[in-house]
Structures are given as structure tokens and as C-alpha cells.
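Novice: My questions all concern the structure below.
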Amino acid sequence: MAGLIEDYGLIGDTQTAALVGRNGSIDWACLPRFDSPAVFAGLLGTEEDGFWRMGPVNGPGGRPAPADRRRYRGDSLVLESEWDTPRGTVRVIDFMPPRDGAPQLIRIVEGVSGRVPMRSQLRMRFSYGWVVPWVHKVDDRTVAVAGPDSVWLDTAAETYGKDLTTFSDFTVSPGERIAFTISWEPSHKPPPAVAEPEASLEATEEFWREWVEHCTYHGPYRDAVVRSLITLKALTYAPTGGIVAAPTTSLPECLGGVRNWDYRFTWLRDAAITLSSLLRTGYREEARAWREWLLRAVAGDPENLQIMYGIAGERELGENELNWLPGYENSRPVRVGNGAAGQLQLDVYGEVTEALHLAHMTGLARNDYASLLQLKLIQWVEKHWDEPDEGIWEVRGPRRHFVHSKVMTWVAVDRTVKLIESGDVDGPLERWKDLRETIHRDVCEKGYDKERNTFTQSYGSQELDASLLLIPQMGFLPPDDKRVIGTIEAIQRELSTEDGFVLRYPTSGADDLGVDGLEGEEGAFLACSFWLADDLAMIGRVDEARKLFEKLLSLRNDLGLLAEEWDPKAQRQVGNFPQAFSHVALVDAALRLEALSPDLAVA
């Protein structure tokens, strides 16, 4: 049975990732890419769907109990878990080295004290648990083969097969280290090179140490910010610069519900805001790589811009259901692919343009095609900004005139006007300045409820939407504007949970379709809650903002990781994990608090 979502730690090699539970079980891993079929899919099913458990033989049925302690090694993605047992203490070191050849997942067992009996249980199931591979020995190596995939196990420990599972029983003494490595290779190719675990561990630690050194944030929440930045880097697909929204699929927004989506793709919105955070904390190389990815993905067809692409720029992301998997805590269906790829979401034009603008403002080397792309995107916005769309939350109901979408088209035009005014490109400056004013006036007239002094989710609606919190952050209106303050206070009153966290928008009960066209409810959206903290700071309520921010930090798991949402009833994390959106919003709020609280002591 899978653990709580917050029970998992993330390891990865910036091309794919795995989730390691407190009990030493890897219940989710896709090889060789983020969006590849899972080799271990127990997270979304049962043990029959694949897992790799490593730990002391001291739990029920010989299974390891939860680790007594775990942590990342410094500012890295190397995870250490320690168990105290009646016979001694043992440590398991889990990591994925930056790729130089075949992808590898390495587990090093280290004796700390006493003599501790250990067990490794490796059950590989390809295609999300659907395919049982042929497992056999080749020389001293164990290989699992099915169709196009092969996974090779290397270890000095003795192994044996039982119940379609590869076991290893061994004992470690103080200072003794025994390594296990699995490597993926296309089944038609020669075997991958035998792993060198100790050298790979050293290289992995050095990789992360050097990367973190570029961080320019030294504020009061440095530990939280650096862990978030490491997580965002881990969600970046190194070969192309694409950034996944999360490394998982179908972790539910509502336990037992249908709000289960595949996030292993590159949303332009999520990637753009991620790059904005990375740029503002010193990471220009990631911005350059993402800009190149964007130009390749859009190619010569900006009028057919998609809201999301595959991590290499793929356009076809058809959505399917894996009916053989029961889902996380029986949350069906399990989906792969994402049908939202075909939606119209006007806000992405604003987010992409904002990211390109910020890259330009922070001195990223000029790319003429990037500037040309920005002009072409605004030409499209000029023709379509006044159309209804599905909005930032990808509703599966009818299209509407979402206020946030209109605000972001204003952002797209505003940033392009500034680019032209800088003299770096030529364009119809006066016409687009008029367009900027037209959009602004339209939003303020049709998206604002004068009686309640708040902007609304869409034109003519009474509903609120947490995306309205971005109005001052995007510069659409100044923070001290009464309409901004009224909107913030309305969201606090009407969209906040008892704990003070923020819902995205109202949803109906389980028996009705919500405003998004789906059944059931969802938890508080963590990014939106950080947005509220950001806004509170902007309007001068800095102490209140800091209290909310620190309350949100307390929701992170012991490793500093956040999912997409917080279930206020069950008091646990829900949604795909770890979620880029949540960690981006954490970084942004921390930067805001640092800017507005210069006297705040560094923690």
C-alpha cells in the first residue's frame, strides 16, 4: 500500500525522477524520461504494479518500518534514510546521478552501528504495472526485459527470485557499504556499463553543490527557498530545457475523486513562471535553455500555440485511462496524457511574454527570433483577446471571459510595448498602446463588481477566483488601489479555509458538477495561498503576510517538499507531487517578504 503523499522524497537526474517512501520503498519511477511508462507504479496501484523496497528486516512480515530519520545531504538531491533497530542502526543513501549514459537509480546501504539484517525486494513491472518482464541472469548481472525496455540490476550482494520478485538478504556492519544499482537501456542495445556507485555519489553531490552556489538569494528563508529551487531544477528536462509541472500523474486533488491529471508535461504557464523565479535567484542558464525549448516547440507556427507540450516539444499529448490501476487510495481514473493540450487559455500569452521580458531585462543574450516570436504572439492576441477561453484552471465546462485571462493578455501587450519603447524591436507602438488601454478598460468595466468592491472570476459572474490575486503582482493595478485591496479581502472572506489557506474557486458538492465541469471538491491550492501572502505584503500587511507564509512552510513535509494542494479536512497534502507551481509561489513570496522586510533577521 502506498504511503501518504508527504511520506515521499524526491530523487532525480534532471531527466526523470523517483519517489522514495519513508519505509524505503520506491513506489514511482519512470524510465528513461519523466513521461515514460512507469517501471514502479505501486503509488497508483498495489505492490503487484511495481516497487523497490530496501530496509531492515524488522517490520511486519519482514518489511521495513518507517525510517526514524531522513534528510537530504546538504543542498543536494541525495536522500539519506536511517533506521534504529534492536540490532543496530543502518542508513540507506538513495540518488540518481546526473546522466552520462544509461539512467541509473542507486541505493547504497551503510552500516552505522551493530549488525543489521537487511532485505531488498525489487519487483519491476513495465508499462505502469501492466507488463511482467522476463527476469534472468547475464553473467553476474540480473536483467528484466519486456518489449523495448530492459532494466539491469548490479550489486555485490547475493540475489534470488521468488514470487516474480528479486530478493537480496544480507547483513551490514559498522562502516560496511553495499550498493545496488538499476540501469535502463533499450532492450535491443548492448548492456549498459556496470555502475560505479561511490564515484557516482561523489559526482552527484558535486553537481548539486556547484549548482546551488549560483543562488543569489540570501534572505531569511534561504533553506526553504534553496530546497524549492533544487526541486524546480530537478523538474527540468536537461536535454531540452523543458520543465514538467510535476513528475507524477493522477495523484488526486480530492481523495477518492476524479480530479486526477497527468502533470509530466511542460505547461507554458508553469514553465514561464518557474523561469521567472530561477532568473530572479541567479539562474540564467536555465532561462536560456527554456527560451530555446520554446522557440523549437512553437517553431514557425505561433498562431497555433499550445498551452502545453511534451518535454521535447511534442504536440500530441492524447489523454487515456489506465483501467487496470485502482488509483492512489482508489482515486479513479488513472490518466496518462492530458486532454487540456487542446484548450484555449489566453493567459499563457501573458506568462510567456513576461518570461521573455524578464530574460531581456536581466541581460540574457538577445535572440532575434525570440523578439520576433513575441511580436507574432501579440499580433495573435490583438485578434483574439476578447474571446472566451478555458482559463488558467483548465475548466472542462463551457468557455467564459475569465478576468485573469484578460489581465494576462494586457500583460502580454504591456511587456511588448515596453520592448518596442526600449528600441530593441520595431512594432506598431501607438496601436498597441491603444490596445493595452482597451483591454484594461474592458476588464475594469466588465470584470469588476462595484457593489462588492471586488473583481470576479469572469465577466458577469458573482464567483471569486484566486487567480485575481495576481492583478497587483502583474502590475495591472497598483497595490494601493481600492479595487485591489477589496479583491484581496473578498478572497480572504469567501475563498479561505478555516486555516486561512486559499481555494482556487468555489466547487459544488460531490453530487453536482462544479463550475469547472467536474464532480467533487478539492483542497486548498498551495500556490494561491502563497499568492495571498505575497499580496498581503504588497498592501502593507507584512506581519500578516509573514505569519501566513510561515504557516504554509509548516505544511511542507520533513524534506521541504510540497504537493499541489492541502486537504483541510484530512490535514494532508493532495495532488501531484512535488508540484512546481507550489514551489515557485514559495520562492516568489519569500523574495517579496525579503524586499519589504529588510530588517527581518536571517534564519
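FYI, it's all coordinate maths here, none of it is from the lab. This is a predicted model, so every value here is computed, not measured. A quick note on method: Cβ atoms are made from the backbone with ideal geometry, for glycine too, and the neighbour counts reach across all protein chains shown.
Novice: Whole-Hz ³J(HN,Hα) for each residue in the range 232-249, computed from phi via Karplus 6.51 cos²θ - 1.76 cosθ + 1.60 with θ = phi - 60°, x for glycine and proline: what do you get?
Specialist: With the stated coefficients, the range 232-249 comes to 5, 4, 5, 8, 8, 7, 3, x, 10, x, x, 10, 7, 6, 6, x, 10, 10 Hz.
Novice: OK, next. Does the chain classify as rounded, prolate or oblate by the C-alpha gyration tensor (a ≥ b ≥ c root eigenvalues; a/c under 1.5 gives rounded; else a/b over b/c gives prolate, otherwise oblate)?
Specialist: On the way: a/c = 1.83, a/b = 1.72, b/c = 1.06.
Here the chain falls in the prolate category.
Novice: Ok, one more. Could you tell me the center-to-center distance, by alpha carbons, between the range 140-161 and the range 427-477 in angstrom?
Specialist: After rounding, the separation between the Cα centres reads 58 Å.
Novice: Given axes a ≥ b ≥ c from the Cα gyration tensor, I'd like to know whether the range 1-114 is rounded (a/c under 1.5), prolate (a/b larger than b/c) or oblate. Don't skip to the answer; put the middle values down first.
Specialist: Numbers: a/c = 2.11, a/b = 1.32, b/c = 1.59.
Oblate.
Novice: Next up: Take E314, project a point 7 Å from its Cα along the Cβ direction, then tell me which residues of the range 108-138 have their backbone nitrogen under 17 Å from it.
Specialist: 127-129
Novice: Relative to the present Cα-Cα distance, how much length would full extension add between Q379 and Q571 at 0.36 nm per residue of separation?
Specialist: Numbers: separation 192, 0.36 × 192 = 69.12 nm, distance 4.64 nm.
Gain on stretching Q379 to Q571: 64.5 nm.
Novice: Further question: Spin-label point model (7 Å from Cα, Cβ direction): what's the D543 to R73 distance in nm?
Specialist: The two pseudo-label positions are separated by 4.5 nm.
Novice: Determine the gain in length on full extension of the stretch E494-K137; use 0.36 nm per residue of separation and subtract their C-alpha separation, reporting nm with one decimal.
Specialist: Details: separation 357, 0.36 × 357 = 128.52 nm, distance 6.16 nm.
Between E494 and K137, full extension yields an extra 122.4 nm.
Novice: Can you return the lysines within cross-link range of K137? Criterion is Cα-Cα under 16 Å, with same-chain partners fewer than 8 residues away left out.
Specialist: By straight Cα distance, K137 reaches K162.
Novice: Which of the lysines could a cross-linker bridge to K406, judged by Cα under 16 Å and excluding same-chain residues fewer than eight apart?
Specialist: The qualifying lysines are K383, K433, K446.
Novice: What nm distance separates the two modelled labels at E321 and A370, each placed 7 Å from Cα along Cα→Cβ?
Specialist: Rounded to a tenth, the inter-label distance reads 4.3 nm.
Novice: With a cap of 12 neighbouring Cβ atoms within 10 Å, and only residues DSSP puts in a loop, list the GluC sites (Glu not before Pro) found in the range 188-256.
Specialist: On the way: sites: E198, E202, E205, E206, E210, E213, E253; in loops: E213, E253.
When the GluC sites (Glu not before Pro) of the range 188-256 are filtered for loop state and at most 12 Cβ neighbours within 10 Å, E213 remain.
Novice: Taking a cut-off of 19 Å between Cα atoms, list the lysines near K551, but don't count ones fewer than 8 places away on the same chain.
Specialist: Cross-link targets: K569.
Novice: Now for a different question. If I model a spin label at L596 and A156 as a point 7 Å from the Cα along the Cα→Cβ vector, what separation in nanometres do I get?
Specialist: 5.7
Novice: Thinking of the range 5-209 as a set of Cα atoms, what percent of all their pairs are more than 21 Å apart?
Specialist: The proportion of pairs with Cα distances above 21 Å equals 48 percent.
Novice: Right, here's the next one. Quick check on the chain: helices-only [θ] at 222 nm, where DSSP H runs of length 4 and up contribute -39,500 (n - 2.57) each and the sum goes over total residues. Nearest 500, please.
Specialist: On the way: 14 runs with 188 residues, N = 603.
Result for the chain: -10000 deg cm²/dmol, rounded to the nearest 500.
Novice: Once the Cβ-Cβ distance between D386 and R431 is put in as r, and R0 is 25 Å, what FRET efficiency do you end up with, to the nearest 0.05?
Specialist: 0.95
Novice: Between E176 and E329, what FRET efficiency follows from the Cβ-Cβ distance if R0 is 51 Å, with the result rounded to 0.05? Don't skip to the end; give the middle numbers.
Specialist: Numbers: r = 38 Å, r/R0 = 0.75.
That pair, E176 with E329, gives E of 0.85.
Novice: Which length gain, in nm to one decimal place, applies between A299 and K482 when the Cα-Cα distance is subtracted from 0.36 nm times their residue separation? Intermediate results must be reported in sequence, preceding the final value.
Specialist: Working: separation 183, 0.36 × 183 = 65.88 nm, distance 4.26 nm.
Extending this stretch completely gives an extra 61.6 nm.
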